[in-house]
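The values are calculated or read from the model by the stated rules, or taken from the named source; none is laboratory data. Not measured: the values here are computed from a predicted model. No Cβ is skipped: glycine too gets one built from the backbone with ideal geometry, and neighbour counts run over all protein chains shown. SASA here: full protein model, heavy atoms, side chains in, ligands and nucleic acids out. Shrake-Rupley method; radii C 1.70, N 1.55, O 1.52, S 1.80 Å.
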Amino acid sequence: MNRISLALVFAPVTLLMLTGCQKGEEQGPPVIRPVLSQIVTPTRLPGSTFAGTVQPKVQTAFGPRTTGLLVARDVDTGDVVRRGQLLATLDPTALELAVGSARADLANAQATLANAVSVERRAKALFKVGTETQAAVESTEQARTAAQASVVQAQAALAKAKEQLSYTQVTAAFDGVVTQTGAEVGQVVAAGAAVVTVARPDERDAVVDVPDGNALLPVGTPFSVTLQINPAMAVSGKVREIAPAADAATRTRRIKIALENPPESFRLGTTITASLKEAAVEQMVLPATAILLRDGKSFVWVVDEGDGTVKSREVITGHALGSGIVVTAGIDAGMRVVTAGVHSLQEGQKVKFENKARS
């Protein structure tokens, strides 16, 4: 009876094992997954023209380093100024009084020092003949030392008062042209407020606002810049600065193009036209769906057309361009990359791509 019971107990297990083996033997080769892919090809940005203006590369706003009433502004917009030239003046009355008070304090401290020195000399002379004590001599020495310290303190206070008085005068730090004034005579100006803005005319930029997609130009991209009033006047320039973010309203980025030896006709504020030269850099642009984000890095699946498998490759991405993303490093032209379903692929997985002829 026991043998029969054991046989009945293990019979279902044996049947299950046999069934599993049969199913394993019936499984065919893994299914090759179809994917969408494309051949990586460089995209050349089309030659474009943008309107803009000539602006200074260096522009500084000068203002007083103290608060006060503006009593004079010696320049206006458009004036040419030299380094060290007086631009504006605040009312110096209060600070002049402070300088006078500091001078008086210094004179008092110097007189006190002279008296302390004289007293010390007399005490030492009397000590030599025996009519003065050592304690009295030491007391006069301490008084003379204190008087000397008072003189040093008064001299520092006078220097500080004179320095603050100089803050009432606004002077130019370099040669340039006044491009803007920020205060009028009679106005109370706060410390650090912009009173006169001066630009250096020797270094000029062509400043243009370009659509966000075209702002992917790298620094150093060559442009040809012409005057709108006289297109025959043209100079070369290179991109030196690109705004890090697009304007929220216009979706454009501000680009500054450094002009190379511009003639005098390219005056500040002149309207210009900047044209992208033919030698623009080509960009690798992939659909956003081709980028796999993992552990804070970007990857793409590269298809090996020989054995039909995929392999992940880390890439460096740039700005968005329409529905695509610019890839600045990590892939080469001619590679085939998966453009959809990147989150469900595995390393070395076999895939099938039917769009071999398309890129």
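Table for the structure above
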{"read-out": "Pairs, first part of a strand (DSSP E or B) in the range 283-299, second basic (Lys, Arg) and modelled with pLDDT of 85 or more, C-beta under 9 Å, six or more apart", "value": "Phe299/Arg313"}
{"read-out": "Test for Glu138: is it over 30 Å from Val170 (Cβ atoms), outside any helix (DSSP H, G or I) and more than 56 Å from the chain's Cα centre (by Cα)", "value": "no"}
{"read-out": "In the range 158-179, the residues that are in a helix (DSSP H, G or I) and either acidic (Asp, Glu) or open to solvent by 50 Å² or more (accessible area, probe 1.4 Å) (or both)", "value": "Ala159, Lys160, Lys162, Glu163, Gln164, Ser166"}
{"read-out": "Close pairs (9 angstrom Cβ cut-off, 6 or more residues apart or separate chains): within 11 Å of Ile39 (Cβ to Cβ) in the range 326-343, outside any strand (DSSP E or B) and among the hydroxyl-bearing types (Ser, Thr, Tyr) anywhere", "value": "Ala333/Thr41; Gly334/Thr41; Arg336/Ser359; Thr339/Thr289"}
{"read-out": "Residue in the range 78-93 that is among the hydrophobic types (A, V, I, L, M, F, W, C), assigned to a helix (DSSP H, G or I) and open to solvent by 40 Å² or more (accessible area, probe 1.4 Å) present", "value": "no"}
{"read-out": "Any strands (runs of 3 or more DSSP E) falling wholly within the range 303-344 and containing at least 2 residues that are surrounded by 15 or more Cβ atoms within 10 Å (Cβ to Cβ) and modelled with pLDDT of 85 or more", "value": "309-321, 336-338"}
{"read-out": "First in the range 224-253 and closer than 16 Å to Val54 by Cα, second anywhere and of a type in the set (Ser, Thr, Tyr), Cβ under 6 Å, 6 or more apart", "value": "Ser224/Ser275; Thr226/Thr273; Gln228/Thr271; Gln228/Thr273; Met233/Ser265; Ala234/Ser224; Ala234/Thr226; Val239/Thr221"}
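One line per residue, one yes/no per condition, for (1) farther than 30 Å from Ile255 by Cβ; (2) in contact with a Gly (Cβ under 9 Å, 6 or more places away or on another chain); (3) in contact (Cβ under 8 Å) with a residue 24 or more places away in the chain:
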| position | (1), (2), (3) |
| --- | --- |
| Val54 | no, yes, yes |
| Lys57 | no, no, yes |
| Pro64 | yes, yes, yes |
| Leu69 | yes, yes, yes |
| Ala72 | yes, no, yes |
| Val75 | yes, no, yes |
| Val81 | no, yes, yes |
| Ala88 | yes, yes, yes |
| Glu96 | yes, no, yes |
